[in-house]
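A short reminder: the numbers here are calculations on the coordinates, not readings from a lab. It should be emphasised that the depicted structure is a prediction, and the values quoted were computed from it without experimental measurement. Every residue, glycine as well, gets a Cβ built from its backbone with ideal geometry; the counts of neighbours run over all protein chains shown.
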Amino acid sequence: MRMIDTLAKKGDAMMANSIRARKGILRDRCRDLRKEMDMDYLRDASDAITKHILASEAYRVAGTIFVYMSYGKEVITDGFIAQALADGKKICIPLCLPENQMEAKCYTGPEDLHSGRYGIREPREDAETVAREEIDLALIPCVACDKRCNRLGHGAGYYDRYLEGTDFVKMALCPEKMILSNVAVDALDVPMDAVVTEEGIVTRNR
């Protein structure tokens, strides 16, 4: 290998380590902020975010929607899911698998759920698996986002692995209080097509 290639690889590794460290610090700070978030604010923000999604063209044309089951102080998705089912949409939710992998399982109601890893509500393993190619719209959780539609996740990489190479519409749901001026990203981070806050929908410039 040429010396310049070796140096370039070392430089890439140093940059990756630097970004990883910045993301870790940012994630910890944002989690502290999220812990302090008032639940009344979160419920109001979640209701507004739900209304923005339901009014969007991406929702109108979607037949199958992948959506997370909210946990802790994530944007609450229960109201959205109930309305989407009432509208006749096919809903699928994430099931976490070994080695930080994920698949989508069909969801028809609360009876399909059990408490999975980390206490997150998950579908039964024997539920119908929904192929990624069938999904039209995905609603993704985050720790924080910026308005260039970069997402800071929880750090395990489940969603980035699942979303890699997909072409369906990806929306991150984020309270306005967790919007940052800049989120550090690396080559493994999958950008969102839009970020939805209580103020509205911000789309990514392609």
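In deg cm²/dmol and to the nearest 500, what is the mean residue ellipticity at 222 nm of the chain if only DSSP H runs of at least 4 residues count, each as -39500 (n - 2.57), divided by the residue total? Walk me through the intermediate numbers first.
On the way: 5 runs with 69 residues, N = 206.
That calculation yields -11000 deg cm²/dmol at 222 nm.
Give a residue-ordered list of calculated ³J(HN,Hα) values for segment 91-102 (Karplus: 6.51 cos²θ - 1.76 cosθ + 1.60, θ = phi - 60°; whole Hz; x for Gly, Pro).
With the stated coefficients, segment 91-102 comes to 10, 10, 10, x, 10, 7, 10, x, 6, 6, 9, 8 Hz.
Return the percentage of antiparallel bridges among DSSP beta bridges fully within segment 3-203, rounded to the nearest 5 %. Intermediate values should be presented prior to the final figure.
On the way: 18 of 33 bridges.
Close to 55 percent.
Of all GluC sites (Glu not before Pro) in segment 105-206, which ones are in loop regions per DSSP and have a Cβ with at most 15 other Cβ atoms within 10 Å? Intermediate results must be reported in sequence, preceding the final value.
Working: sites: GLU111, GLU125, GLU128, GLU133, GLU134, GLU164, GLU176, GLU198, GLU199; in loops: GLU125, GLU128, GLU164, GLU198, GLU199.
Qualifying residues, ordered by number: GLU125, GLU128, GLU164, GLU199.
With contacts defined as alpha carbon pairs under 8 Å and 6 or more residues apart, what's the relative contact order of the chain in percent?
Details: 357 pairs, mean separation 44.9, N = 206.
Relative contact order comes out at 22 percent.
Would you grab the residues whose amide H sits under 5 Å from the one on ARG151? Only those 5+ places off in sequence or on another chain, please, with H modelled 1.01 Å from N.
The list, which skips near neighbours in sequence, is MET192.
Which whole-Hz ³J(HN,Hα) couplings does segment 130-144 yield from phi under the Karplus relation 6.51 cos²θ - 1.76 cosθ + 1.60, θ = phi - 60°, glycine and proline marked x?
Coupling constants for segment 130-144: 9, 5, 4, 5, 8, 6, 9, 9, 10, 10, 10, x, 7, 7, 7 Hz.
Search the structure for amide H atoms under 5 Å from the amide H of ARG121, placed 1.01 Å from N in the peptide plane, and list their residues when 5 or more places away or on another chain.
The list, which skips near neighbours in sequence, is GLY116.
Given a Förster distance of 22 angstrom, what is the FRET efficiency for ARG20 paired with TYR158, based on the Cβ-Cβ distance and rounded to 0.05?
Details: r = 17 Å, r/R0 = 0.76.
About 0.85, to the nearest 0.05.
Could you give me the radius of gyration and the Dmax of the chain, taking only the C-alpha atoms into account and expressing both in angstrom?
17.7, 62
In nm, what is the difference between 0.36 nm times the number of residues separating VAL185 and ASP167 and their Cα-Cα distance? The partial results should precede the final answer.
Working: separation 18, 0.36 × 18 = 6.48 nm, distance 1.96 nm.
Roughly 4.5 nm would be gained on extension.
Under the rule of at least 5 residues apart or a separate chain, name every residue whose amide H is placed under 5 Å from the amide H of VAL130.
For VAL130, whose amide H was placed from the backbone, the distant partners under 5 Å are ALA104, LYS105, CYS106.
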